[in-house]
Each structure stands twice: as structure tokens, then as C-alpha cells.
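A.B. asks: Right, I'll just put the structure down here and ask away after.
The values are calculated or read from the model by the stated rules, or taken from the named source; none is laboratory data. Remember, it's a predicted structure, so these values are computed and weren't measured experimentally. Cβ atoms come from the backbone with ideal geometry, glycine included; neighbour counts cover every protein chain shown.
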Amino acid sequence: MEWNNKISENVQAVPFSGIRKFFDLASTMKDVISLGVGEPDYAAPDRVIDACIESLKNKETGVFWNFARKSAAFLKSVMDWNMIQ
């Protein structure tokens, strides 16, 4: 599929971010470990998933830290899980 005719010229004109270029470059290198946010290589514990679902049901969505401050159960689950790792 030809995507260029599906994306507005304004969007096409937005330059790629420097961090995106950096991660793309790093992905081509041997023995590089990505420390990028949001790329865990493990499954979240059930209690964290349950806390996320409950927060979504309560419409507690938004920027992560705003979400975490509003959801004591979620934040406690993450903290507890980190303590046992």
C-alpha cells in the first residue's frame, strides 16, 4: 500500500525526533541494550494488570504519573512488585 498519499503533507513534514533516530541506530548495533521507556521484557504481574483495569473502569486515564498518583492500588502494586525483584 502506498502510504504517502494517505498522510497529510503537514504530517509528512514533521521531522523525526532525535531520540527516534538514536533508537533506530542502536537497534542495528550488536550487543546494545535498549534502556528506552516502555519496553519491558517481562509480563506484568496479575495484581498490576488488575489495578490497571480497575483504574480504566474508573476513568482514571491520562499522563502516567497523574494516573499513578490517583491510583494508590496501582502504585502500591508496582512498588511491591519492585521490592521482590
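A.B. asks: Quick check on the stretch 58-83: of everything there that is modelled with pLDDT of 70 or more, small (Gly, Ala, Ser) and in a helix (DSSP H, G or I), which residue is surrounded by the most Cβ atoms within 10 Å (Cβ to Cβ)?
C.D. replies: Among those residues, the one meeting the criterion is Ser77.
A.B. asks: On the basis of being modelled with pLDDT under 85 and acidic (Asp, Glu), does Asp41 make the cut?
C.D. replies: In short, yes.
A.B. asks: Given the options Ser17, Ser8, Ser55, Ser27, name the one that is at pLDDT 75 or above and in contact with a Phe, Trp or Tyr (Cβ under 6 Å, 6 or more places away or on another chain).
C.D. replies: Ser55
A.B. asks: Do any residues in the stretch 1-25 that are of a type in the set (Phe, Trp, Tyr) have Cβ atoms under 8 Å from those of residues that are in a loop (DSSP other than H, G, I, E, B), where the two are at least six apart or on different chains, and which pairs are they?
C.D. replies: Pairs found: Phe23/Ser34; Phe23/Gly36.
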